[in-house]
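Step one of this worksheet: look at the structure below.
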Amino acid sequence: MLDQLFMQILDMSRIASIVIPFVLLARLLLRRAPKVYSYVLWAVVLFRLLCPVSIEAPVALMPEITPTAQHYTLSEEPISFVGAGVAAQQAVGDVLNGGIDMQNIPTTEKDEQGNVEYVSAHWWEVWVLFGKYLWLGGIAVMAIYSLQSYCKLKKQLAEAALLRENIYLVDGIGSPFVMGVLRPRIYLPSVLSVQEQGYIILHEQYHIRRLDHVVKGLAFIALCLHWFNPLVWLAFVLAGKDM
């Protein structure tokens, strides 16, 4: 199950890696146009990163990508995390020694003499095998960091003063922001003048009407799932600027 999920993520990331350069080029051509046009283009990238289903079109706009699972043979093999780590270490050693070939991977099964049984696989299958654990580890690190940041921010917002409706003033924050999904709230630095508050409130309310706070949450989920892809990090930063 985990193998299949990780391979699906790999395929989605590969497709997004083709889409992102086209969006970057279009963004460059639209640099004099309102940013909303560039912002809309990022929706295509977000769809490719989160949706495993492809929409069929009369004319293919993208090259066909062979699914990773089509050539992966280890899905049903009884290989532990330790076995995957041993195989990955061997693969690294082969690369450093100038040779990339088939790998012998220890399984959790033993023969009649009590010896560990091995299965053979291509070197790239070893990376998929071990990569799924590394992928989960990366997601866990990002989730823990996000949770810590959220708890720290919530503690800071505990002293927020209600201005009106869903608008709050907070000491010690450098810029305004929207927080929450179902009931989004606008938080403003308490040092702003009344005139500045008026402009910024209108700005943040427009973000809420456009559901940017929801889009940003989905974009962060996509970033967590595809953290290993540097193009996704670039897309996340630039999409935030266009937003």
Of the residues ALA160, ALA219, ALA235, ALA239, which is more than 27 Å from ILE15 (Cβ to Cβ) and in contact with a Phe, Trp or Tyr (Cβ under 8 Å, 6 or more places away or on another chain)?
-> ALA160
Matching residues in the range 57-89 - criterion: being surrounded by fewer than 16 Cβ atoms within 10 Å (Cβ to Cβ), at pLDDT 65 or above and part of a loop (DSSP other than H, G, I, E, B) | GLU64, ILE65, THR66, PRO67, THR73, SER75, GLU76, PRO78, SER80
Among the residues of the range 205-232, how many are within 13 Å of the chain's Cα centre (by Cα), hydrophobic (A, V, I, L, M, F, W, C) and part of a loop (DSSP other than H, G, I, E, B)?
-> 2
When you go through (1) open to solvent by less than 70 Å² (accessible area, probe 1.4 Å); (2) within 18 Å of MET12 (Cβ to Cβ); (3) at pLDDT 75 or above; (4) not basic (Lys, Arg) one by one for LEU30, which number turns out not to apply?
-> (2)
In the range 123-175, how many residues are of a type in the set (D, E, K, R), outside any loop (DSSP other than H, G, I, E, B) and either exposed (fewer than 15 other Cβ atoms within 10 Å of the Cβ) or touching a Cys at 6+ places or on another chain (Cβ under 9 Å) (or both)?
-> 4
Out of the residues in the range 103-122 that are of a type in the set (Asp, Glu) and in a strand (DSSP E or B), state the one that is farthest from ILE79 (Cα to Cα).
-> GLU117
For VAL178, the lone unmet condition from (1) touching a strand residue (DSSP E or B) at 6+ places or on another chain (Cβ under 9 Å); (2) open to solvent by 50 Å² or more (accessible area, probe 1.4 Å) is (2)
Given the conditions (1) touching a residue at least 12 places away in the same chain (Cβ under 8 Å); (2) more than 17 Å from the chain's Cα centre (by Cα); (3) over 19 Å from SER13 (Cβ atoms); (4) open to solvent by 70 Å² or more (accessible area, probe 1.4 Å), report the number of the one that ILE201 does not fulfil.
-> (4)
Selected residue (criterion: surrounded by the most Cβ atoms within 10 Å (Cβ to Cβ)) from residues of the range 90-111 that are at pLDDT 75 or above and farther than 19 Å from HIS71 by Cβ | PRO106
Residue check, GLY114 without any contact (Cβ under 8 Å) to a residue 60 or more places away in the chain and at positive phi = yes
Would you be able to tell me the number of residues in the range 187-235 that are at pLDDT below 95, of a type outside the set (A, V, I, L, M) and out of contact with any Ser or Thr (no Cβ under 9 Å at 6 or more places or on another chain)?
-> 19
Please indicate, with yes or no, whether at least one residue in the range 183-194 is out of contact with any Lys or Arg (no Cβ under 9 Å at 6 or more places or on another chain), part of a strand (DSSP E or B), open to solvent by 30 Å² or more (accessible area, probe 1.4 Å) and not basic (Lys, Arg).
-> no
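The values are calculated or read from the model by the stated rules, or taken from the named source; none is laboratory data. No experiment lies behind these values; they were computed from the predicted model shown. A quick note on method: Cβ atoms are made from the backbone with ideal geometry, for glycine too, and the neighbour counts reach across all protein chains shown. Ligands, DNA and RNA are stripped out before the accessible areas are found, and what is left, the full protein with its side chains, is counted by its heavy atoms. Shrake-Rupley method; radii C 1.70, N 1.55, O 1.52, S 1.80 Å.
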